[in-house]
Structures are given as structure tokens and as C-alpha cells.
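Presented below is the structure to which this report refers.
Read the figures in this text as sums done on the coordinates, not as results from a lab. For clarity, every value in this text was computed on a predicted model and none was experimentally measured. Backbone-built Cβ (ideal geometry, glycine too); neighbour counts: all protein chains shown.
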Amino acid sequence: MKQALVLGIVAAVAAAPWLPAAAQTPDPTAAEFDKFREIMEQDNPAELFEVKGEELWRARRGPKNASLEQCDLGLGPGVVKGAYAQLPRYFADIDRVMDAEARIVHCMMTLQGFKYEELAKQPFSSLTRTPEPVSLVTYVAAQSRGMKIASPQNHPRERDAYETGKAIFHYRAGAFDFSCASCHGADDKRIRTQPLPNFTKPEQAVRAVQGWPGYRMTGGVMHSLQWRMNDCYRQQRFPEPGYASETLSALLTYLTVNANGHVYRGPGIKR
Amino acid sequence: MRRASVVSLACVALLLASCAAPPSRDYQPDALALMKRDFQAKGSAGMDRLNEDSVQAACNKFQDDPPQEVADKLQKEQFSAIKWPADGKLLGDWKAGERIAQNGQGMAWNDKGGVGGSCYNCHQVGPRESSFGTVGPSLYQFAKKRGYGADIQRYAYGKIYNAKAYNLCSQMPRFGHVRALTEQQMKDLTALLMDPASPVNQ
Amino acid sequence: MADPMKIRATLQGDVADVRVLMAHPMETGQRKDAAGKIVPMHFIQTITAQLNGKTVFNADVSQAVSRNPVFAFKVKGAKAGDKLSVTWQDNKGDKRTDEVVIGAGS
């Protein structure tokens, strides 16, 4: 069923004429890709990971044999509905701005007794294994489906995180002199045939939030923003960013705040 | 890339609370401190890659829009560091060049140098490849448009070796300068752009 | 027990539009792992759906179907409050059954 749909969309995209790469003319294939994404978002296999994530949230696990049901994602202990849309945010208990996955990892450590080193060892999905934080963040994200993105900027540390994230975004270094902005700082660019949204602009920054966590059909794996940031830095020819680190929370603050006001449609699906 | 003016215009137009006022200070030192603490070396990508060299420092400081005298000085330095082939020949094999242009790997933490040029990631090159990026300008009919002379050959090779020698804050990597490509690979790419027989110039 | 399915059944008149999302690796037996070894066949072979205990849908499935597949079908004669259960069985003998109550129409 899905394969017929995929073939149909691929045929439609292949038939679309290639426009010359002029800055002014909009790319007609972009509309086709958007239509493809919307159709594929119905019956998204990410929902399987939402269900798994909810099981993990309620299960007693780890050395402390405790559930995550008292985890405070920013709206009070145990409040999951709407929390993802309001992250990253500042947490006084650890004196740090945290994104969703960093906060989940924090709760797994403090409530359940897991060690950071265990969780950071192999934090990304493979064909045969989906790490628990990935299923958990998929569940948490799904509980903000249909809500407006509203990462707060009330606390001075939240404002610091935004500005630091912006500086990180624009920092050119590495073997290729790339910053995030090298690919994501201009309009109407694409790498091969993959469109590159301009994350410095609010109406395009929503693409940094929407679609994540995302089910990737290539390999049938669930990936979160922590994976996306890691893989971006690999392609930027940088060394590796720490999993669930403050650097990535700051970067995610910059991207999410830029997207504030847009409605989050929940976990996405990708090629 | 004139980021500062684009962002301030966006602020004025959209009246976002997050950029209603410009930042009180330079946040780059905070950013760098966090990155140095939170990143780790992996494979061939060492922590030294986080350190700015003279080009990166200038482009970061001036947000890719350096003053003319700064650009002139650094471009001259970058140009003088270009190693031209000892045999004076700049054209290799365009067929090999097409394969190098198609290969998007190399210099990441999971591989090494001398692998690929990633050209199609950012540019249109040959006429038969429709899966090309638009980060950089089209290179289709490169020599057909500019001429086949020794001066253009030198420009092509030099640009591949070190794009910053010609445009300080270009987004194009310095393939020769960082040894992402070997001399032979750069000759093959130059041939892809400059050889009259190359499909690029048909 | 295998991972749960997600079943959605919406009523349009007396026809239930059913969409089932199943968690399954659906290995074809042709893929090689990182070490070069063939990953053995592991795929759903049969799917059955029952409305209030009566079989309304039966499918024989091959390994051509993709990982984490979605199956959609329509059932006539359904009404709100009916129990719809879906069962799959794979070539290793693993089974999974999940059930939903059909909601009021759209």
C-alpha cells in the first residue's frame, strides 16, 4: 500500500521539469516533496515508537527500579502533555538549559540510577536496536502534537543559551571551514536534491523542529535531534559533539526559539 | 554572506522578542568554551579542528563580510601557500574527475583525505547529472564560457586547491590546502572543467 | 511477546476504514549484516482481522513487504462499539494480537 504510494509520488517528482538553478524561481519539486511528507505522516511507523516510549516511561527500570512518571520536563513532575513544545528551557535543579532528550537522560540518571556513560555509549538507533531515550523522546514529543512551539526566553540563562546557540550556529571551523550557516544560513539552496532550510529565518526554522524525532524509511530507524546534530557535525568535518551536551542544548535553543509560534505536528517521517 | 543585516531586517519586520534588542555582548567566547568542553576527538577528526586558523578567525569576526584590506592581505597569504604541480601540467583525466566530483566522502571522522571532492553536493557540473546542489554556482560549460587558456586552467586548479585565495569567506572548502584531495585528483577535476572533450564543455 | 500494533478504525456509515501499523523487522533473507553474513528470513506470513469474534479479513503476506508495514482495509457492516481484533503470525511462529473498539463515525 505504502509502496504504491511511494512509487506514485516518486513518478510525479521524476516527471517534474528541472528548473535552472536561478535564485528567484521557486523549485516545483519542493511542493511535491512536501505533499509526499504529508501523506507519509499518516500511519507513520514513529507511532510504534511512541507506544514503546510510553511503556518505557511507566516501567520500573534501572538500578533504582523506578519509573519516569515523576520526571519533571519543565511543566511539573509527571506532566508530559505539552512539555516537548516548551523545550529547551532552564532547569534550576541542575542549573542548566536542557533540550528534551537531555532532560530525559537526566531523569533516567536521577530517578532510575542509569549512568551517563552507559546511555552515551551507543545513543543512536541501528537496524537492530533503538536506544531507550529515543523511544522515550518520541513518546514525549507525540504528547505535544498540535501545540505551538514555545521554547521560553524568560530566564536570563535561556536568553544566554539562545545567543550562545546562535554563535555556535555561525562558528566556522573544521577541515572544510563550515559552520551550520554554511548550509542553513541562506535561502533556496539545496545539497544534491535535499533542500536546505534557512534556520536563521523563523518561517524556515520550523523545519529544524518539525519532523523530529523522525522515522527514517532508509533502514527503518527512529532518529531524534541528538542524532541529527551529531550527523551534521560529522558532515561539517568537526570532531564529535557530546551526546545530550550543553552545547547541543544551546544550539537547539537557538533553532527552536526561531521556530516559536509554529504548530508542532508531532514526530515525522523521512526518506 | 551578510548575516548581520539580514537578521536585523528580519527582527524589524517580525518584531520577535528573541531579537528585539541586539545581544549585549559577543557570545563567541562562551560558544567556544562550551564546544571545547563538550566535543571529543573521533577518528581522524581531532580537537584541533575547533581552533580557528587566520581565515576562519577573520570570517567569524566579520560574519563573512571582512573589510577589503583584511580580505586582500589574507587572500594573498592563502594564494602564496598554493602548491602548483611541479611538472607544470594542470590537466589530468576528466573521466576520473567525474568520479571524484560524484564522491561526497572524505575528511570526516569516519574516513580520511584523498577520497572525494563532493562537487555535486553544491554545484551542477556535467550535463547528465540532475542530482546536483545549488549552494555554489553552476559549473556547466565552465571552459566553454570562460576560455580554454592556461590562465583559466590556473584559475580552476587554484580555486579547487584553495577557494579562499580568491574569495576569503567563500563557503567552498580548501581541498588542496587541507589535503582533502591529492594533486592528481585536483588535476583530474581541473580536466573535468577545462578539457574540451569533457562532457562539461559539450 | 512482540511489540504492539497501532490500529485505527474509523466509521463511515457502516464501513470501517481500518489502518494497522505493525512493528516487525520483515527481513527478506537476502540482506547481509555488517559482517557479511546473511540475516535470516523473519517476516509476517499471515494477517487476520476479526469483528466481534468473526473473521472478516485474511491475508497471506510475503517477504516483499517492507519493515514496520502499514495495512489498510475496509470492513462492511461495522458499527460503533464493535470490537475489531487483528492478529499476525510470522515464519518463526511469533504471534501478536491487538484489539480496538470502533469509535463513532466521522
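Quick rundown of the values:
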{"read-out": "About the Cα centre, charge dipole magnitude for the protein assembly as shown (Lys/Arg +1, Asp/Glu -1 at Cβ), debye", "value": "620 debye"}
{"read-out": "In order through the stretch A:102-115: 3J(HN,Hα) via Karplus (6.51 cos²θ - 1.76 cosθ + 1.60), integer Hz, x for Gly, Pro", "value": "4, 5, 4, 4, 4, 5, 5, 6, 7, 8, 10, x, 5, 9"}
{"read-out": "Counting all C-alpha pairs of the stretch B:94-201, share separated by more than 24 Å (%)", "value": "14 percent"}
{"read-out": "Volume in Å³ per residue [convex hull over Cα atoms, computed for the stretch A:134-190]", "value": "175 Å³"}
{"read-out": "Segment A:ILE39-A:VAL79, length gained on full extension (0.36 nm per residue, minus Cα span)", "value": "11.3 nm"}
{"read-out": "Residues whose placed amide H lies under 5 Å from that of A:ALA59, excluding near-sequence neighbours", "value": "A:LEU68"}
{"read-out": "Candidates A:ASN258, A:ASN44, A:ASN65, ranked by Gaussian network fluctuation over chain A, Cα under 10 Å, top entry", "value": "A:ASN65"}
{"read-out": "13 Å reach of a label modelled at C:ARG31, 7 Å along Cα-to-Cβ, counting backbone N of the stretch A:200-242", "value": "A:216-222"}
{"read-out": "Cβ charges +1 (Lys, Arg) and -1 (Asp, Glu), total dipole of chain C, debye", "value": "100 debye"}
{"read-out": "For C:63-75, mean number of other protein chain Cβ atoms within 10 Å", "value": "4"}
{"read-out": "Relative contact order of chain A, pairs being alpha-carbon contacts under 8 Å that are 6 or more residues apart, as %", "value": "23 percent"}
{"read-out": "Residues of type lysines that A:LYS115 reaches as a straight line, Cα spacing below 20 Å, ignoring anything fewer than 8 places off in the same chain", "value": "A:LYS64"}
{"read-out": "Spin-label model distance (nm) - B:SER80 vs A:ASP187, 7 Å beyond Cα toward Cβ", "value": "4.2 nm"}
{"read-out": "Derived scalar couplings ³J(HN,Hα) [the stretch B:52-62; Karplus, 6.51 cos²θ - 1.76 cosθ + 1.60; whole Hz; x for Gly, Pro]", "value": "6, 8, 4, 5, 4, 4, 5, 5, 5, 4, 9"}
{"read-out": "In the stretch B:43-153, lysine pairs closer than 22 Å at Cα, eight or more apart or cross-chain", "value": "8"}
{"read-out": "The stretch A:33-83: GluC sites (Glu not before Pro) in DSSP coil with no more than 15 other Cβ atoms inside 10 Å", "value": "A:GLU69"}
{"read-out": "Inter-chain shielding of C:40-51 (mean C-beta neighbours from other protein chains, 10 Å cut-off)", "value": "0"}
{"read-out": "³J(HN,Hα) computed for each position of the stretch B:109-121 - Karplus, 6.51 cos²θ - 1.76 cosθ + 1.60, integer Hz, glycine/proline x", "value": "5, 9, 8, 9, x, x, 10, x, x, 6, 4, 5, 4"}
{"read-out": "Relative contact order (percent, whole number), chain B, Cα cutoff 8 Å, 6+ residue spacing", "value": "23 percent"}
{"read-out": "Shape box of the stretch C:8-64 [Cα atoms, principal axes, largest first, Å]", "value": "53, 18, 15"}
{"read-out": "Difference of contour (0.36 nm per residue) and Cα-Cα distance, B:ASP53 to B:LYS145", "value": "29.7 nm"}
{"read-out": "Distance (nanometres) between label positions extended 7 Å along Cα→Cβ at C:ARG19 and A:MET109", "value": "3.9 nm"}
{"read-out": "For A:PHE91, residues with placed amide H under 5 Å, excluding near neighbours", "value": "A:ARG96, A:VAL97, A:MET98"}
{"read-out": "Fraction of alpha-carbon pairs over 27 Å apart in the stretch A:29-270 - percent", "value": "31 percent"}
{"read-out": "Chymotrypsin sites (Phe, Trp or Tyr not before Pro) lying in DSSP loop within the stretch B:99-193, provided at most 16 other Cβ fall within 10 Å", "value": "B:TYR148, B:TYR166"}
{"read-out": "Environment charge of B:LEU91, counting only residues whose C-beta is closer than 12 Å and scoring Lys/Arg +1, Asp/Glu -1", "value": "-1"}
{"read-out": "Cα-based convex hull volume of the stretch C:6-101 per residue, rounded to whole Å³", "value": "85 Å³"}
{"read-out": "Convex hull volume per residue in cubic angstrom - Cα atoms of the protein assembly as shown", "value": "181 Å³"}
{"read-out": "Dimensions (Å) - the stretch A:230-271, Cα atoms, principal axes, largest first", "value": "34, 27, 16"}
{"read-out": "Inverse mean reciprocal Cα-Cα distance (Kirkwood Rh) of chain B, Å", "value": "19.0 Å"}
{"read-out": "Average silhouette area of the stretch B:162-202, convex hull of alpha-carbon atoms, in square nanometres", "value": "3.4 nm²"}
{"read-out": "Helical mean residue ellipticity (222 nm; -39500 (n - 2.57) per DSSP H run of 4+; nearest 500) of chain B", "value": "-12500 deg cm²/dmol"}
{"read-out": "Built amide H within the under 5 Å cut-off of C:ILE44, gap 5+", "value": "C:MET26"}
{"read-out": "Share antiparallel - DSSP beta bridges, the protein assembly as shown, percent rounded to 5", "value": "95 percent"}
{"read-out": "Where trypsin sites (Lys or Arg not before Pro) fall in DSSP loop in the stretch C:11-44, at most 10 other Cβ within 10 Å", "value": "C:LYS37"}
{"read-out": "DSSP loop trypsin sites (Lys or Arg not before Pro) with at most 16 other Cβ within 10 Å excluded, longest remaining stretch of chain B", "value": "B:26-82"}
